[in-house]
1. Note down the magnitude of the dipole of segment 3-132 about its Cα centre, charges +1 on Lys and Arg C-beta and -1 on Asp and Glu C-beta and zero elsewhere, to the nearest 20 debye.
2. Let me check against my output: what whole-number percent is the relative contact order of the chain, with C-alpha pairs under 8 Å and at least 6 apart?
3. Once amide H atoms are placed 1.01 Å from N in the peptide plane, what residues at a sequence separation of 5 or more from Phe28, or on another chain, have their amide H within under 5 Å of its amide H?
4. Which whole-Hz couplings ³J(HN,Hα) result when phi for each residue of segment 77-89 is put into the Karplus expression 6.51 cos²θ - 1.76 cosθ + 1.60, θ = phi - 60°, listed in order with x for Gly and Pro?
5. Provide the three semi-axes, in whole Å and in decreasing order, of the ellipsoid equivalent to segment 3-132 as defined by the square roots of 5 times the Cα gyration tensor eigenvalues.
6. Counting pairs of alpha carbon atoms under 8 Å apart in space and at least six apart in sequence, what relative contact order in percent does segment 146-204 give?
7. Roughly what would the spin-label model give for Asn203 and Asp88, points 7 Å off Cα along C-beta, in nm?
8. Considering the dipole of the chain built from charges on the beta carbon (Lys and Arg +1, Asp and Glu -1) around the Cα centre, which of Cys66, Ser108, Val49 is farthest to its positive end?
Amino acid sequence: MTIHVAIVEDQKQIRDGLKSMIDSLADFFCSGAFENAEDLIKNYKHLDVQVVLMDIGLPGISGIECVERLKGLRPEVHFLMCTNLDEDDKIYDALCAGATGYVLKSISKADLAEAIRQIQAGGSPMSPTVARKIVNSFSGKQKNTKLVNSLTDKEREVLNYLSKGYPYKIIADKMSVGIGAVRFHIRNIYDKLHVHSRADAINKVFPKTLA
């Protein structure tokens, strides 16, 4: 069965290289090679495509925003992010937007072709470094859960108010206690979470981590 693949990549040399790779394989067909997300969006409704190779750092609309706009229109189409970016927030945002896989441009052509086949067959291909980040995020969440469980109900309540940006006085008013009590709870929170600031406490318990 032929897999119809579209490419969205702003660098011509890379785009042409990806197209050549697709064209060279008997089980692939290149449905289109676009230099920006806007061109894909314009053609998407009538484009015969099953897998989209999507860069993230595009001029204009980003690859992640493009996936977010298009995924719901045709849920059967798979988006495989192909990028140099391996930051946690990019991976998180891409997967939340609807991407099915995430590989780095350093991937070999053979492995990229196999990733396309995997994604069409129902898999979720990831470059090793990306997969490791995802695994580590689960471990981090388990550790954070243990830390949160060490807090008392009052301390969790204070931490929740801190995460919403409330100043100490407002927190005290909402909890019907004095500011001294709030400061006491915050000191305990810092000690239990092994942090030294409001921002560190919030980031440790409410991180933007991979899901």
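1. Once rounded to the nearest 20, the dipole reads 240 debye.
2. Reported as a whole number, the value is 15 percent.
3. Ile3
4. Coupling constants for segment 77-89: 7, 9, 10, 10, 5, 10, 8, 8, 8, 10, 5, 3, 5 Hz.
5. 18, 17, 15
6. Reported as a whole number, the value is 39 percent.
7. It is 0.9 nm.
8. Cys66
Read-outs: derived from the displayed coordinates by stated rules, not from any lab. Since the structure is predicted, the reported quantities are computational estimates derived from the model, not experimental observations. Reconstructed Cβ throughout: ideal geometry from the backbone, glycine too, with neighbour counts over all protein chains shown.
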